[in-house]
Amino acid sequence: MKTETDKRRTALITGASNGFGMEFAKLFAKDGHNLILVARSTERMRKLAHYLQDEHQLEHVCVITADLTRPEAPREVYEQVKDSGLEVDFLINNAGAGVHGFFSETDLGREKAIMQLNMITPVELTKLFLPDMKRRNFGRILNLASTAAFMPSPLLAIYGATKAFILSFSEALSNELKDTDITVTALCPGPSNTMFFRRAGAAHTRAANGSLSEPEEVAKDGYEAMMHGETRIVSGLKNKLQTSTSNFLPDMALAATMRYMMEEEPEEGPTGEAKHEPSEEHQKQ
Ligand SMILES: NC(=O)c1ccc[n+]([C@@H]2O[C@H](COP(=O)([O-])OP(=O)(O)OC[C@H]3O[C@@H](n4cnc5c(N)ncnc54)[C@H](OP(=O)(O)O)[C@@H]3O)[C@@H](O)[C@H]2O)c1
């Protein structure tokens with residue numbers, strides 16, 4: 001039996017030029033949905049758009065170049081979508097970034113841009129597209145949170161806080177919309193094999209060099225959860241177990257573990273001993 005989500009619809013995906021966003025685009029295309037791809041890398045998105053349109057005979061695939069750290073960007077994106085005549089049924093608030101380092105040393109300008117990108121932009125896009133979804137009484141919103149939403153994130157403090165915000169916002173909105181056919185899903189991946197760590201300046205951390213989830217699997221988990229209208233999905237068994245500890249471990253113990261993961265992997269000395277000791281805080285645990 002065909003369901004509402006089986007129809008040909010339109011998905012707007014932010015951060016569609018790379019990582020999870022690119023994988024979401026492939027999943028929507030495979031199911032025959034129209035695509036609106038949004039990010040800064042126009043050429044990458046154009047190539048993806050051509051490939052997916054040819055491969056799946058999609059009616060509409062459109063590319064919008066936007067720097068989503070700019071406060072005007074969400075409204076500009078909304079207006080371009082309106083001008084195209086497309087209606088957004090699936091809103092995938094995926095674009096995001098982090099900055100690694102001690103808060104006392106990181107750049108405030110970059111952090112303000114990250115807060116705009118990770119929090120204000122998804123909130124504003126939701127604010128703009130939700131009334132149209134309500135009018136049609138159909139919509140699926142997927143917001144990218146993180147396992148970092150469940151614990152304080154030393155060395156990635158602003159990033160972790162933005163993801164806690166997104167998780168809380170998504171769950172509250174999901175409740176507000178419970179009597180409609182509009183759902184809100186927060187996807188919480190753990191460390192994954194995308195450009196994220198390199199771009200955050202965190203490529204040499206333990207987290208980036210540990211076991212990483214593959215973006216195809218993460219996107220598939222998020223896609224399926226969103227289509228089923230689930231409120232929250234933690235992707236991967238290891239991440240499910242890890243986030244469940246946040247229910248009973250004190251926040252400062254979680255913070256110490258997170259700090260250990262976000263510290264640089266110590267290089268080995270000539271005799272195999274670690275050159276650097278784990279942080280003092282982690283040794284306390
Ligand atoms: N990878 C992980 O370990 C992990 C874990 C949990 C959650 N997440 C979250 O997953 C989401 C996707 O990240 P990813 O892992 O796929 O990282 P990624 O490979 O770095 O991709 C990030 C995407 O966001 C776009 N983006 C970044 N800054 C932008 C800006 N100023 N304006 C417009 N678009 C921008 C990038 O496109 P352009 O550069 O072309 O603009 C790119 O398409 C993020 O919200 C991230 O926080 C990632």
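The values are calculated or read from the model by the stated rules, or taken from the named source; none is laboratory data. In this text the structure is predicted, and so the values were computed from the model without any measurement. Ideal geometry is used to build each Cβ from the backbone, glycine not excepted, and the neighbour counts take in all protein chains shown.
Summary table below
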item	result
Only listed residue being within 24 Å of E23 (Cα to Cα) and not in a helix (DSSP H, G or I), chosen from L142, L117	L142
Flag if A149 is free of Cβ contacts under 8 Å to residues at least 40 places away in the same chain, within 18 Å of K240 (Cβ to Cβ) and among the aliphatic types (A, V, I, L, M)	yes
Selection within the stretch 125-160 - more than 12 Å from the ligand (Cβ to nearest atom) and either within 18 Å of A207 (Cα to Cα) or modelled with pLDDT under 95 (or both)	M151, P152, P154, L155, A157
I64 being modelled with pLDDT of 95 or more, in contact with an Asp or Glu (Cβ under 9 Å, 6 or more places away or on another chain) and not in a helix (DSSP H, G or I)	yes
Cβ pairs under 7 Å, 6+ apart, first in the stretch 102-117 and of a type in the set (V, I, T), second in a loop (DSSP other than H, G, I, E, B)	T106/V99; I114/A97; I114/G98; I114/V99
Test for R199: is it more than 19 Å from F103 (Cα to Cα), at pLDDT 95 or above and of a type in the set (D, E, K, R)	no
Selection status of P74, at pLDDT 95 or above, within 16 Å of the ligand (Cβ to nearest atom) and not aliphatic (A, V, I, L, M)	yes
Residue satisfying all of: in the stretch 197-231; outside any loop (DSSP other than H, G, I, E, B) and under 14 Å from E265 (Cβ atoms); nearest to the ligand (Cβ to nearest atom) among these	F197
Scope the stretch 35-76; condition touching a residue at least 40 places away in the same chain (Cβ under 8 Å) and farther than 21 Å from I114 by Cβ; matching residues	I36, E59, H60
